[in-house]
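Take a look at the structure below.
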Amino acid sequence: MPLQDLPCLSLQGSMLSQSKRTNKRKSKGCLSEGLDTECTPTELIQQWSPTHKHQRLISKGKENDDNQFVLARRSRRKKESTSGLSWDHLPDELLLRVLFYLPLQDLLRMSTVCKRWHRLAFDESLWRSVDLEGLTHMDPALQQVLKTGVNRLRCPRSFVEELHFTDTGPLQIVQLDLSSSIIPTSALESIICRCRLLESLSLEGLQLSDTIISALSRNPNLLQLNLSGCSGFSAPVLSDMLQSCSSIDQLNISWCDFDNNHVKSVVHNVSSGVTHLNFSGYREGLTLDDVKVLVTRCPNIQTLDLSDSTLLMADSFPVLKQLKHLRHLSLSRCYHIHLAALTDLGKMFPLLGLLDVFGIIQNSHLPSLKKEMPHISINSRPFSSIARPTPTSRLTGCLSDRTMWNTKCRLRFKL
């Protein structure tokens, strides 16, 4: 801007200020011309007062009933919003999009602001996947999360005393991990009996019941089931469940409290399409005849764990040879299988890439066995990952891995 224009701008500003002061004097003069400052009749005050102002007549006592005066209240101006737009004016869809990026603790704090925010904070679209690992007071939190319509729920090693459901409707859970939790059987029944959409479930190490196993039969889409170390259910109920859940692809039923009837229920009723099976830990309960039935019914097995089956010997290899797609075989602590017989596995299974034989061979003999089968990785997987929600890296010390079936939950409780 040219410097010569600056005086004009200053003058214009002075004129505006002067005009404002003149108008103020005129307005005061007009008022003073129409009304005296003292002893002004009430009628004139009311006449000159703006109509939009709230007026009140005040009496000054019994002796002054005839002398009344008027209070005229000036209307307040509405405060203008400095932000331009209030949160209250945003639609629910936009607020939900904002809340989607909040962590769990912040979302819970925000729910206490008002009724509307509380309703939005517990909208089911925000609670699709929740990780509650590490939460101490699990009962109320678990009950509240189940009410939100959660699809993926991860809370391993949790402690639950009891659950009280007022709503008897079905749950929306698709993936559930309660591994190694301390939970009453009655509370677990109240959860599983309301599930119809389960696809992945881990109840590792829990005390179950026939009611729970029967309830699993009502989940035809079940693909991954981890019952490792479970107990408390009968063989006939197990047979019915395996027949109903014919879509199971991965089954971990190792080290359960089984007798011979349970073992036969598994080999005769497990889904014929299963590709990953952990059937270890049955020592003298699993025989060669059971392996023959299993291999005949399930020819598509790719990963098979028969560890700690002490009755198995090298004569089981021709039976296992029928598994044309076998890629990972675990025979750890099958002490009747000798080192010399293991060298034949490389020729019998062309697709075999992983072999676990912990306890069968000594560390000093391991290099020679690897030399015989260079294309096979031997004793590289000390833990089985079949149907387990958390990968084996967690079991070997990677505590930061909180995935559940290869995916992390969006809402996670942080210690």
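The values are calculated or read from the model by the stated rules, or taken from the named source; none is laboratory data. Just so it is clear, the structure is predicted and the values come from calculations on it, not from any experiment. All Cβ positions, glycine included, derive from the backbone under ideal geometry; neighbour counts span all protein chains shown. For the accessible areas, the whole protein counts, side chains as well, though only heavy atoms, and no ligand, DNA or RNA atoms are used. Shrake-Rupley method; radii C 1.70, N 1.55, O 1.52, S 1.80 Å.
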Query raised in the report: In the stretch 306-394, carbon and sulfur make up what percent of the accessible area (probe 1.4 Å)?
Result: 55 percent
Query raised in the report: Taking all protein chains as present, what is the carbon and sulfur share of the accessible area of the stretch 212-286, in % to the nearest whole number, probe 1.4 Å?
Result: 42 percent
Query raised in the report: Considering amide H positions built from the backbone, and no H for Pro or chain starts, which residues 5 or more places from ILE182, or on another chain, come under 5 Å of its amide H?
Result: SER158, PHE159, VAL160
**Report entry** the stretch 80-170, accessible area per residue, ligands and nucleic acids excluded (1.4 Å, Å²)
**Finding:** 60 Å²
Query raised in the report: In nm², what is the average projected area of the convex hull enclosing the Cα atoms of the stretch 153-306?
Result: 8.2 nm²
Query raised in the report: Mind listing the phi-derived Karplus ³J(HN,Hα) values for the stretch 251-268, rounded to whole Hz, using 6.51, -1.76 and 1.60 with θ = phi - 60°, and x for any glycine or proline?
Result: 9, 10, 10, 7, 6, 7, 7, 10, 10, 5, 5, 5, 4, 5, 4, 6, 5, 8
Query raised in the report: Heavy-atom accessible area per residue, the stretch 205-321, 1.4 Å probe: how many Å²?
Result: 35 Å²
Report task. Please list 148-156, 214-222, 318-326 highest first by mean number of surrounding beta-carbon atoms within 10 Å per residue. Result -> 148-156, 214-222, 318-326
Query raised in the report: Under the classification rounded if a/c is under 1.5, otherwise prolate if a/b is larger than b/c and oblate if not, where does the stretch 160-226 fall, given a ≥ b ≥ c as square roots of the Cα gyration tensor eigenvalues?
Result: oblate
